[in-house]
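Working notes, beginning with the structure itself.
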Amino acid sequence: MSSFPVSENVSKMRASSTLSAMIAAADLREQGFDVIDLTVGEPDFPTPPFIRDLAVEGLAKGLTKYTPSCGLKTFTESIAHFYQEQFGTDFAPSEVAAACGGKQALFNAVCTLVNRGDDVLIPKPYWVTFPEIVAFCGANSVYIETEETDFILNADQVRDAITPKTRLLIINSPSNPSGRVVPADEMRRIIETCVEHGVYVLTDECYLFFAYPPAEVFTSAVLPREIREFVAVAGSFSKTYAMTGWRIGYTIANEPWTKAMVKLQSHSATHPTSFVQYACARALERRDESMSAVGAMLAEYKRRRDWLIPALRTVTGFKCPMPEGAFYAFVDVRELLGDRFKVSADVADHMLHNAHTVVTDGAGFGAEGFLRFSYATSMENLEKAVERLRNLF
Ligand SMILES: Cc1ncc(COP(=O)(O)O)c(C=O)c1O
């Protein structure tokens, strides 16, 4: 194969760490094995039918042309209105921009703020894409260790990590991969600490609605305006409404930041699909219906979580705290490490080949010694997986 001179910015980015496990699993499946995949980062539910119908309605209305880069007026207005009704926020539609998924929202927010050589704080364990966006911008990821506080970030840890080079903190709560939720009061303290030091905050709220009571749903969009001047929210429809393939998300940020993001997006994706924006806008207007669809998914995730975590704790060598949100269990397998398994990836490999069960190694999330189990799959699969693991170690 001929070589290609990949640009410096892109060659600094690492490919997805979950890929090799997925390829190995596909190989086993081709050989006829019944492989249980617990790596999935997307809901196993279909998109609620009323949202699918709304997309068809958008098409029938002829919404097949370009929209403004910030999104249709009805889209930005419905986000602002929905948040106001749901959370009591007061941001304007001009502070909202549509994006092609939460991922593009994150890219837009980081690329418009961060300069080459800046430091960006990222608490561990982190979602794999955060450091790669930072690398793409030529900035440095500075990691905050949170194991001592059970993977729940606090304001003291943030204060200790801030230096004059710190430009931005990226927080994801509920967290992928840990499932932990930073309590609302602590989120406020963390963000206030950043603002005191002139550090911006990007809150990845992709799993916003998936916090299991008593854990609270918290969006930084509720913060007072003077604090929000330093904050951008990356939101997404992907997990909330089981719409991963639709590629739609949004940012909420002050007007100048939003304008910069829209400028960037106008030269890349332009905007997310027109009739998808329409469907999302109309769906948010039907708040009761949307929230009841979300509530049904949340209840099912909770049922699985409540079964899975105690079950995983019965597997030799597994330690697993109760996650308060998202749909992942983050299992500490360090007790199994030694002569037989050097690193957690070896444990994952053993599970793959001897129990035909695929999980994601924690090392890619900055947490060597841990494995991520997704429970965005059927109870039947979860039960089968635990059964296979019980006598494996
Ligand atoms: C923490 C986190 N943020 C953002 C995303 C991006 O999702 P999407 O681009 O589909 O909205 C994901 C997807 O897995 C995620 O886990």
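Structural remarks
- Pair-distance profile P(r), taking every C-alpha pair of the stretch 223-340, with 10 angstrom steps and integer %: 11, 26, 27, 21, 13, 2
- For the cross-link pairs K239/K384; K73/K239; K73/K259; K319/K342; K124/K259; K65/K259, the ones whose C-alpha atoms lie over 20 Å apart are K239/K384; K73/K239; K124/K259; K65/K259.
- R0 of 35 Å, Cβ-Cβ distance D288-K73: FRET efficiency to nearest 0.05: 0.90
- Residue of P177, P131, P164 that the Gaussian network model of the chain assigns the largest fluctuation, springs spanning Cα pairs under 10 Å: P164
- Residues whose amide H falls under 5 Å from that of T89, counting only those 5 or more places apart or on a different chain, are Q84, with hydrogens built in the peptide plane.
- Options A55, F237, A21, ranked by Cα towards positive dipole end of the chain, top entry (Cβ charges): A55
- Phi-based couplings in Hz for the stretch 247-252 (Karplus 6.51, -1.76, 1.60; Gly and Pro marked x): 6, 9, x, 6, 10, 10
- In sequence order, the stretch 337-342 has phi-based couplings of 7, x, 5, 6, 10, 7 Hz under the Karplus curve 6.51 cos²θ - 1.76 cosθ + 1.60, θ = phi - 60°, and Gly or Pro positions carry x.
- Solvent-free Debye scattering, log10 I(q)/I(0), computed from the Cα coordinates of the stretch 62-287 at q = 0.14 Å⁻¹: -0.82
- The chain - percent of accessible surface contributed by carbon and sulfur, probe 1.4 Å: 53 percent
- Environment charge at A215 (Cβ cut-off 15 Å; Lys +1, Arg +1, Asp -1, Glu -1): -4
- Normalised by residue count, the chain yields a Cα convex hull volume of 160 Å³ per residue.
- For V231, distant residues with modelled amide H under 5 Å away: V201, N254
- Those residues of the stretch 245-264 whose amide nitrogen sits under 16 Å from the label point placed on E216, 7 Å along Cα→Cβ: none
- Counting only DSSP beta bridges with both residues in the stretch 62-287, the antiparallel share comes to about 30 percent.
- Compared with the rule-of-thumb size 2.2 N^0.38 Å for a compact globular protein, the stretch 9-89 has a Cα radius of gyration ratio of 1.76.
- Within the chain, the whole DSSP H helices whose Cα atoms reach 15 Å or more along their own axis and whose mean Kyte-Doolittle score is at least -1.0 are 19-30, 49-60, 73-87, 101-111, 184-196, 255-266, 274-285, 287-313, 344-355, 379-390.
- Residue-averaged [θ]222 nm for the chain, counting only DSSP H segments that reach four residues, each worth -39500 (n - 2.57): -12500 deg cm²/dmol
- On the basis of the beta-carbon distance and an R0 of 41 Å, K263 and A299 show a calculated FRET efficiency of 0.50.
- Net length available on complete extension from R52 to E196 is 47.4 nm, with 0.36 nm assigned per residue and the Cα-Cα distance removed.
- Cβ-derived FRET efficiency at R0 30 Å, R29 paired with K342, nearest 0.05: 0.65
- Solvent exposure of the stretch 62-287 amounts to 37 Å² per residue of accessible area, where only protein heavy atoms count and the probe is 1.4 Å.
- Cα-based Rg / Dmax (Å) for the stretch 105-193: 12.4, 33
- Dipole magnitude of the chain about its Cα centre (Cβ charges: Lys, Arg +1; Asp, Glu -1), debye to nearest 20: 760 debye
- Once backbone amide H atoms are built at 1.01 Å from N, N140 has G117, D118, D119, V120 as its partners under 5 Å, excluding neighbours fewer than 5 places away on the same chain.
The values are calculated or read from the model by the stated rules, or taken from the named source; none is laboratory data. It should be emphasised that the depicted structure is a prediction, and the values quoted were computed from it without experimental measurement. Positions of Cβ are backbone-derived with ideal geometry, glycine not excepted, and every protein chain shown enters the neighbour counts. Heavy atoms of the whole protein, side chains included, go into the accessibility calculation; ligands, DNA and RNA do not. Shrake-Rupley method; radii C 1.70, N 1.55, O 1.52, S 1.80 Å.
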